[in-house]
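Heads up: the structure comes next, in structure tokens.
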Amino acid sequence: MRYEGRIYRPPSESDAYILQATIGCSWNKCTYCDMYRDKQFRERDLDEVLEDIALAAREAGPMVRKVFVADGDALILSLDRWLAILAACRSAFPNLRRVSCYAMASNVLAKTDDELAVLKAAGLTQLYIGPESGDDEVLKRIAKGSTAADHVAAAERARRAGMKQSVIFLLGAGGKALSAQHARASAELATAMDPEFLSLLTLTVIPGTPIARAEQKGLYELPDDTMILQELRDFVAHARPTGAVFRTNHASNRLAIGGRLPKDRDAILATIDAALSGEVPLRPEWLRGL
Ligand code: SF4
């Protein structure tokens with residue numbers, strides 16, 4: 001397989017064929033993110049992308065059940081380009097069950113309802129959307145580029161098209177100063193977006209990022225483990241999706257838990273409380289990752 005630079009994918013796409021159709025992220029401004037800072041965003045040449053699909057078909061065609069289209073916000077590609085990619089995937093991988101990608105709210109909102117429905121019908125069935133916070137003040141500070149209302153509108157549009165959504169929030173995004181309002185507003189946004197999958201990651205301050213510089217100037221302070229667990233608790237206690245698979249299994253988290261919300265809320269809260277009281281050990285720092 002041919003890849004340019006580091007490749008990122010959600011934990012639940014660990015068994016997917018990763019197809020790099022764009023290089024980098026078209027936004028590339030979120031203050032905590034260094035995933036694509038070394039890449040200048042561009043769409044990869046379509047012929048190259050189709051060649052990659054043909055290569056993957058020769059190596060693993062019938063084994064490929066999932067395709068994740070990278071990099072950071074591949075939904076930005078035009079409808080024509082997406083349809084060419086999806087058609088090639090369908091014919092290359094006879095057992096294909098789903099195609100997914102990362103999407104910013106603005107990528108969803110830039111497509112018409114018809115375009116989203118056509119994409120879904122052609123096989124793009126799941127989007128990973130990371131509002132990171134439901135609080136507009138936090139969203140502004142982390143330079144997410146979209147508001148909570150934008151994310152609600154994007155989720156509604158994707159749902160109407162029949163796409164599944166995996167929505168990601170970021171513990172610690174509000175720093176110590178906005179910790180409580182970040183957790184509560186994120187729970188409200190999770191409720192409003194009402195995705196099929198809901199996950200939380202924990203912010204890591206990466207040297208060289210804008211948030212690291214803000215930290216040095218005293219403008220951002222990473223919440224400690226207890227505050228992060230309290231954010232997690234507030235989120236779980238207040239989020240009201242109608243039926244979401246909930247996970248904190250990303251390597252950045254200190255506490256890996258999973259279940260369904262709302263069904264398993266009490267059990268999840270009991271585990272968080274046990275962690276807060278020290279009865280359940282946290283993942284040691286050296287085992288954490290991005
Ligand atoms: S949209 Fe995603 S990939 Fe792009 S800068 Fe923000 S967090 Fe990073």
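General observations
- Dipole axis of the chain (+1 Lys, Arg; -1 Asp, Glu on Cβ), positive-most option in A121, L287, S106: A121
- Radius 13 Å from Cβ of L276, net charge of other residues (Lys, Arg +1; Asp, Glu -1): -4
- Least to most buried among E115, E285 (fewest other Cβ within 10 Å first): E285, E115
- Cβ crowding within 10 Å, taken as a proxy for footprinting-reagent exposure, orders I76, I257 from fewest neighbours to most as I257, I76.
- Here is the size of segment 122-240 from its Cα atoms: Rg then Dmax, 14.5, 49 Å.
- Counting every pair of alpha carbons in segment 162-230, the share spaced more than 20 Å apart comes to 36 percent.
- Taking the alpha carbon gyration tensor of the chain, multiplying each eigenvalue by 5 and rooting it gives semi-axes of 32, 20, 19 Å, largest first.
- Compared with the dominant principal axis of the Cα atoms in the chain, helix 79-92 is inclined by about 80°.
- Ordering of 216-224, 241-249, 131-139 by burial proxy (mean other Cβ atoms within 10 Å per residue, highest first): 131-139, 241-249, 216-224
- Angle in degrees between helix 148-160 and the longest Cα principal axis of the chain, rounded to the nearest 10: 40 degrees
- GNM result for the chain, Cα springs below 10 Å: residue of R159, R42, R260 fluctuating most strongly: R42
- What you get for the chain, charging only the Cβ of Lys and Arg (+1) and of Asp and Glu (-1), is a dipole of about 340 debye around the Cα centre.
- Segment 84-135 and segment 183-203 have Cα centres lying 20 Å from one another.
- Over segment 54-120, the Kirkwood radius and the radius of gyration, each from Cα atoms, give a ratio Rg/Rh of 1.00.
- Size descriptors for segment 178-288 (Cα atoms only): Rg and Dmax, in that order, 14.5, 43 Å.
- Neighbour-count order for D113, D71, fewest beta carbons within 10 angstrom listed first: D113, D71
- Projecting the Cα positions of M35, L203, F246 onto the charge dipole of segment 11-287 (unit charges on Cβ atoms of Lys, Arg, Asp and Glu, taken about the Cα centre) puts F246 furthest along the positive direction.
Since every read-out is calculated from the coordinates, none of them should be taken as a lab result. Predicted model, so just to flag it, every value in this text is computed and none were measured. Reconstructed Cβ throughout: ideal geometry from the backbone, glycine too, with neighbour counts over all protein chains shown.
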